[in-house]
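Working notes, beginning with the structure itself.
Please treat every number below as a calculation from the coordinates, not as lab data. Quick caveat: nothing in here was measured; it's all calculated off a predicted structure. Methodologically, a virtual Cβ is constructed for each residue, glycine included, from the backbone with ideal geometry; neighbour enumeration extends over all protein chains shown.
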Amino acid sequence: MESALDQKTGQIIDGEQLWYINPVDKEGYICRGCGTLVDPVSYEPHNKIRPHFKEYRKHPHEPWCNVDGEEKLVARGRKQRLTTFDGFPGSYPSVLQLTDERRIADENSYQADSSHITSRRDKVVRKVVNQQHSSCWTARTIRPISRTYMNFPHDRDLALSISNISGKTYAEVIQKLPSSKIILTNEVKIFAAPISWSKPQELNECIIVELGCGLWADNKLLDPYKVVIDTSEWGIAKKNYVLKEIDVARREAIERNRKGRKNEKSWLFFLATQHPNNPSNFLLNDHRLICCLTGVMK
């Protein structure tokens with residue numbers, strides 16, 4: 001499972017966020033489909049695959065849980081349009097809402113007696129069950145939005161609302177950067193581009209991520225797009241979280257290319273503004289507004 005519910009806060013947590021959470025509560029996450037306890041795995045620094053969640057043998061999914069169905073839906077969605085007159089057959093994030101991190105930290109550090117914790121979990125489980133037929137939900141980072149964009153290329157007219165962005169659908173809010181030229185835009189969007197195989201640079205409290213597209217001449221990338229991430233107000237955990245994800249994605253892209261799967265790339269998604277004097281650079285300062293996913297982009 002790529003994501004699960006934090007049973008303390010009721011928020012959806014993507015597996016990659018486990019790189020940032022310290023300590024990880026092994027009994028703190030439940031299935032988004034049925035509310036059963038799930039196991040967070042592969043989040044230690046030495047692990048070579050992305051963090052995710054899996055079923056506990058002693059806590060199997062409920063018979064009516066549709067987790068497997070969600071994976072089958074993605075497999076279909078990569079090939080064909082799924083939306084009909086009855087709507088989209090699965091659930092997807094339709095809103096981005098950045099929650100105050102201080103409140104989340106307070107909730108995660110909350111200590112209570114076992115009866116209170118049980119009561120809290122029961123409320124979250126009931127919420128999961130009640131929302132089984134609800135198709136839209138609120139994302140707290142751009143990762144689930146980016147994943148939906150990649151997984152359902154034929155359904156990018158799905159509704160998506162993000163403050164200060166004029167678009168109303170996935171196709172309008174997310175924009176792939178062109179591979180061979182530098183564009184000028186005064187719009188704020190979620191941009192997407194393949195990452196370079198070069199390692200990110202750390203310079204003057206910034207992380208600089210080079211992308212694999214930009215201005216080319218004589219088969220050379222003369223002026224690549226770059227994402228400049230201001231980390232001056234970050235702690236070491238946030239910085240390591242972003243660097244870890246980019247490094248994992250970079251190595252995923254190199255490995256898949258080595259195996260001949262050249263159509264599978266690692267794509268950087270970022271909600272950013274273009275530098276007013278250097279249009280090949282995009283600027284951001286929030287770790288929730290950048291992520292990297294590996295796969296085929298249509």
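Observations on the model:
- For the chain, average projected area of the Cα convex hull in nm²: 17.1
- Arranged from fewest to most other beta-carbon atoms within 10 Å of their beta carbon, 137, 267 become 137, 267.
- When the Cα gyration tensor is reduced to axis lengths a ≥ b ≥ c, the ratio a/c is 1.5 or higher for region 176-275, and with a/b not above b/c it is classed as oblate.
- For region 177-295, the residue among 294, 240, 275 whose Cα projects farthest onto the positive side of the dipole built from Cβ charges is 294.
- Counting only lysines at least 8 places from residue 58 when in the same chain, those with an alpha carbon closer than 28 Å to its own are 8, 26, 48, 72, 123, 127.
- Helix-only CD estimate at 222 nm, as mean residue ellipticity for the chain, using -39500 (n - 2.57) per DSSP H run (n ≥ 4): -7500 deg cm²/dmol
- Dipole check for region 211-286: with +1 at the C-beta of Lys and Arg, -1 at the C-beta of Asp and Glu, and the Cα centre as origin, the magnitude is about 480 Debye.
- A Förster radius of 25 Å, combined with the Cβ-Cβ distance separating residue 22 from residue 161, puts the computed FRET efficiency at roughly 0.20.
- Ellipsoid semi-axes for region 28-88, based on the Cα gyration tensor and the rule √(5λ), read 27, 18, 9 Å when sorted largest first.
- Distance between the C-alpha centres of region 216-246 and region 57-94: 33 Å, rounded to the whole angstrom.
- Candidates 251, 32, 156: whichever shows maximal mean-square fluctuation once the chain is modelled as a Gaussian network with Cα springs under 10 Å: 251
- Measuring from each cysteine beta-carbon in the chain, the ones with no other cysteine beta-carbon under 4.7 angstrom are 31, 136, 206, 213, 291, 292.
- Highest-fluctuation residue, 165, 30, 12 considered, GNM on the chain with Cα pairs under 10 Å: 165
- Which of 216, 19 has the fewest Cβ neighbours within 10 Å, and the rest in rising order: 216, 19
- Here the residues 46, 59, ranked from fewest to most Cβ neighbours within 10 Å of their Cβ, fall in the order 46, 59.
- Most fluctuating residue given options 202, 233, 172, as computed from a GNM of the chain linking Cα atoms under 10 Å: 233
- The lysine pair count for region 177-295, using Cα distances under 20 Å and pairs eight or more places apart or on different chains, is 19.
- Antiparallel DSSP beta bridges within the chain, percent to nearest 5: 75
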